[in-house]
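A.B. asks: Sharing a structure here in structure tokens format.
The values are calculated or read from the model by the stated rules, or taken from the named source; none is laboratory data. These numbers come from a predicted model, not from an experiment. Virtual Cβ from ideal backbone geometry, glycine too; neighbours counted across all protein chains shown. For the accessible areas, the whole protein counts, side chains as well, though only heavy atoms, and no ligand, DNA or RNA atoms are used. Shrake-Rupley method; radii C 1.70, N 1.55, O 1.52, S 1.80 Å.
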Amino acid sequence: MSAEPLPILEDAYLAGPAATLAEMDGADDVVVAAAIEERMTGYGLAVPGARGPGGLQRLLDRLRGRVLRADLGVHPAEVPWLRFHVPPGGSAQLVLERQVERKGGVTLKFMGLGSGSGRSVTLGAEQDFGDRADCFTLGAKLDVRLRVYADDGRDSVQVDVERVVGTSLASRVPCGFCFRAPEPGPQPRKLDREWDLEDDPHGLTETLTHETLNASDLEIGLEIPGVDLGGLTPGLTCSRSVTSTCTATYRFPGNACFRAYTEILPGLDLPFWGRS
């Protein structure tokens, strides 16, 4: 397996609210607010912290009133954008393919929380991740800049995504989601997919095809080792659009029962599995 599971084909800067305000220094708030809204709408992203009537004006007031306390520099971070789950004791395979020649791909948009800026990347659309016995996570490697501000009597952290360095694939052992009874497992929401193979020694294979696999405005916390943020948690929002054909093949062993689950708020995951 290559160290770069999906190559980066395109990379673009996304100006966040703080960068837009600095760029338009001295402009009327109405003009700045309109520019922020126009940019974020063009990116297909919501403006974090600006929901509800008058939200953009409140955001501008807060940005104008905050004071920089510390610039902590640029640090590496890794962000998951898809988790693929293997039935316990079985195997599974994930394949991404172009829908038609030269069409289809993976687009990821990251926008730093705290009114920071971000990046949009398009990844290669074709990859066979092979037959696997363990769950795995697809991720993006980022360089992020961290700034701490005194913000209305409290500290806040602004994250700016400086670069998307590459992509990653990591096996998850143990998974943290998939489980074998009597282990409890998270079990937030059962799907209408259940295979009762307790009286079948042979097992079965199931193949599911997704033409699109999208998620937007997912908030993801970042782990930045060695940086003291005084209890603050840096983060970003992630928007994911997979327009390649995504084929998931699951191989269930016999003499067991399998149930599919999903998180209450579907986001990064294809279904995970409980076995009894």
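A.B. asks: May I ask you to give the percent of accessible area on the chain that is carbon plus sulfur, with a probe radius of 1.4 Å?
C.D. replies: Answer for the chain is 48 percent, counting heavy atoms of protein chains only.
A.B. asks: Further question: Enter the angle in degrees (range 0 to 90, nearest 10) between the Cα long axis of helix 55-65 and the first principal axis of the Cα atoms of the chain, meaning the one along which they spread out most.
C.D. replies: 60
A.B. asks: Beta carbons within 10 angstrom, averaged per residue: use that to sort the peptides 147-153, 132-138, 114-120, highest first.
C.D. replies: 114-120, 132-138, 147-153
A.B. asks: Still on this structure: Mind checking which of 224, 41, 121 is farthest towards the positive end of the range 8-275's charge dipole, using Cβ charges of +1 (Lys, Arg) and -1 (Asp, Glu) about the Cα centre?
C.D. replies: Sorting the options by dipole projection puts first 224.
A.B. asks: Still on this structure, I have one more. Could you work out the helix-only [θ] at 222 nm for the chain, with each DSSP H run of four or more residues adding -39,500 (n - 2.57) and the total divided by the number of residues, to the nearest 500 deg cm²/dmol?
C.D. replies: Mean residue ellipticity at 222 nm (helix-derived): -3500 deg cm²/dmol.
A.B. asks: If you count, for each residue, the other Cβ atoms within 10 Å and average over each peptide, how do 26-34, 9-17 line up from highest to lowest?
C.D. replies: Listed from highest to lowest mean packing, they are 9-17, 26-34.
A.B. asks: What residue among 170, 92, 18 has the largest mean-square fluctuation in a Gaussian network model of the chain, using Cα springs under 10 Å?
C.D. replies: 170
A.B. asks: Go ahead and set up a Gaussian network model of the chain, Cα springs under 10 Å, then flag whichever of 145, 240, 69 fluctuates most.
C.D. replies: 69
A.B. asks: In the range 8-275, how does Rg compare with the Kirkwood Rh, expressed as the Rg/Rh ratio over alpha carbon atoms?
C.D. replies: On the Cα set of the range 8-275, Rg over Rh gives 1.04.
A.B. asks: Related question: Considering just Cα atoms, how many Å³ per residue does the convex hull of the range 176-276 enclose?
C.D. replies: In the range 176-276, the Cα convex hull volume per residue is 142 Å³.
A.B. asks: Sticking with this structure for a sec: With only Lys, Arg, Asp and Glu charged, each at its Cβ (+1 for the first two, -1 for the last two), find how big the charge dipole of the chain is about the Cα centre; round to the nearest 20 debye.
C.D. replies: 240
A.B. asks: Spin-label point model (7 Å from Cα, Cβ direction): what's the residue 128 to residue 214 distance in nm?
C.D. replies: Calculated label separation equals 3.0 nm.
A.B. asks: Based on the Kirkwood radius over alpha-carbon pairs, what is the Stokes-Einstein translational diffusion coefficient of the range 85-237 at 37 °C with 0.692 mPa s viscosity, in µm²/s?
C.D. replies: It diffuses with D of about 172 µm²/s by this estimate.
A.B. asks: According to a simple spin-label model (label point 7 Å from Cα along Cα-to-Cβ), what is the distance in nm between residue 34 and residue 98?
C.D. replies: Between residue 98 and residue 34, the label points sit 4.2 nm apart.
A.B. asks: Right, another one. Which of 106, 139, 96 sits closest to the plus end of the dipole of the chain, meaning its Cα is farthest towards the positive end, when Lys and Arg get +1 and Asp and Glu get -1 on the C-beta?
C.D. replies: Value computed over the given set: 139.
A.B. asks: Related question: Where the centre of each part is set by its Cα atoms, how far does the range 234-250 sit from the range 177-228, in angstrom?
C.D. replies: Cα centroid of the range 234-250 versus Cα centroid of the range 177-228: 14 Å apart.
A.B. asks: Gain in length, residue 41 to residue 25, computed as 0.36 nm per residue apart minus the alpha-carbon separation, to one decimal in nm?
C.D. replies: 3.6 nm
A.B. asks: For the full complex of protein chains and a 1.4 angstrom probe, list 141, 190 by accessible area with the highest value first.
C.D. replies: Order by accessible area, largest first: 190, 141.
A.B. asks: Putting +1 on Lys and Arg Cβ atoms and -1 on Asp and Glu Cβ atoms, find which of 197, 261, 245 reaches farthest to the positive end of the dipole of the chain.
C.D. replies: 261
A.B. asks: Angle, helix 29-43 long axis vs. longest principal axis of the chain, Cα atoms, 0 to 90°, nearest 10?
C.D. replies: It is inclined by approximately 20 degrees.
A.B. asks: Right, here's the next one. Taking only protein heavy atoms and a 1.4 Å probe, what accessible area per residue, in Å², does the chain have with all protein chains in place?
C.D. replies: 49
A.B. asks: Same structure, new question: Given points 7 Å out from each Cα along the Cα-Cβ axis, report the residue 141 to residue 192 separation in nanometres with one decimal.
C.D. replies: 4.3
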